[in-house]
Amino acid sequence: MEQKDRKSELVRLQDQILRCRSCREIFGFEPHPIVQGSCNAKIMQISQAPSKTVHETGRPFNDASGRRLRGEWYRISDEDFYNPDHFYIVSMAHCYPGKAPGGGDRRPPGICSERWLLREMELVDNEIYIIIGGVAAAFFFPREKMTSLAFENRQINGKPAYVLPHPSPLNIKWFRDYPEFTEKRIFEVQKEVYRVLGISP
């Protein structure tokens, strides 16, 4: 597909996503779809779902997890992270799904990834994928453990893919159990982010 066709098709798709309210009854509140990125984004970052803070502000990863992701892991500026030609920031669900009865957020409805995400992946001409969190990892690499995926270079659609645990403060036990991730592995991913974006260390 020609670039101008991909661009116009993605813009149409994003408009449909922004107008989607299919999960209103499931959530019990007004959904707020989040869309960020262009068809030329070099990195497609796929996580679980927006947080309540993102739901309220309309800006992806505008929360404690995002600050850790940008500042400690990628070590890039907000300007680079939110540049639509740098990152296509998307989730398995485009909306905050609400709180689960037992604590934490609900799992994202499967309808969102089936209806929107797979089509977005077809229209974005990215160089690499970064997959964040167990829910997103399980979608692309079913029956594989995060403890292995987080330390391995993988591929999705023939492109390099890197799996990260969720940077949420609630995930602190995982980081304590696997200190080699923050001591070594994240710097390998960071180096790839710099390479793709043309950023000097």
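Some observations on this one:
- Scanning segment 91-113 for any residue that is surrounded by fewer than 19 Cβ atoms within 10 Å (Cβ to Cβ), of a type in the set (Val, Ile, Thr), out of contact with any Leu (no Cβ under 9 Å at 6 or more places or on another chain) and farther than 18 Å from Ser47 by Cβ turns up nothing.
- Selection from segment 73-125 of residues that are touching a Ser or Thr at 6+ places or on another chain (Cβ under 9 Å), without any contact (Cβ under 8 Å) to a residue 60 or more places away in the chain and farther than 18 Å from Val35 by Cα: Asp105
- First in segment 168-179 and in contact (Cβ under 8 Å) with a residue 40 or more places away in the chain, second anywhere and surrounded by 13 or more Cβ atoms within 10 Å (Cβ to Cβ) and of a type in the set (S, T, N, Q), Cβ under 6 Å, 6 or more apart: Ser168/Ser65
- Test for His55: is it more than 21 Å from Gln190 (Cα to Cα), part of a helix (DSSP H, G or I), touching a residue at least 12 places away in the same chain (Cβ under 8 Å) and of a type outside the set (Asp, Glu): yes
- The helices (runs of 4 or more DSSP H) located wholly in segment 144-201 that include 2 or more residues which are exposed (fewer than 11 other Cβ atoms within 10 Å of the Cβ) occupy 172-177.
- Within the option set Leu164, Leu118, being more than 29 Å from Arg24 (Cβ to Cβ) and of a type in the set (A, V, I, L, M) holds for one residue only, Leu164.
- Verdict on Ser65 being buried (at least 17 other Cβ atoms within 10 Å of the Cβ) and assigned to a helix (DSSP H, G or I): yes
- Yes/no for Arg75 being modelled with pLDDT under 95 and over 16 Å from the mean Cα position of the chain (by Cα): no
- Where a residue in segment 16-28 is in contact (Cβ under 8 Å) with a residue 12 or more places away in the chain and its partner, wherever it lies, is not in a loop (DSSP other than H, G, I, E, B), with Cβ under 6 Å and at least six apart: Ile17/Trp116
- Ala49 meets each of the listed conditions (1) touching an Asp or Glu at 6+ places or on another chain (Cβ under 9 Å); (2) assigned to a helix (DSSP H, G or I); (3) over 13 Å from Val124 (Cα atoms); (4) in contact (Cβ under 8 Å) with a residue 12 or more places away in the chain apart from (2).
- Among the residues of this structure, Ser47 counts as one that is under 16 Å from Phe87 (Cα atoms), touching a strand residue (DSSP E or B) at 6+ places or on another chain (Cβ under 8 Å) and surrounded by 14 or more Cβ atoms within 10 Å (Cβ to Cβ).
The values are calculated or read from the model by the stated rules, or taken from the named source; none is laboratory data. What you see is a predicted model; the values in this text were computed from it and never measured. When we count neighbours, we look across all protein chains shown, and the Cβ atoms used for this are built from the backbone with ideal geometry, even at glycine.
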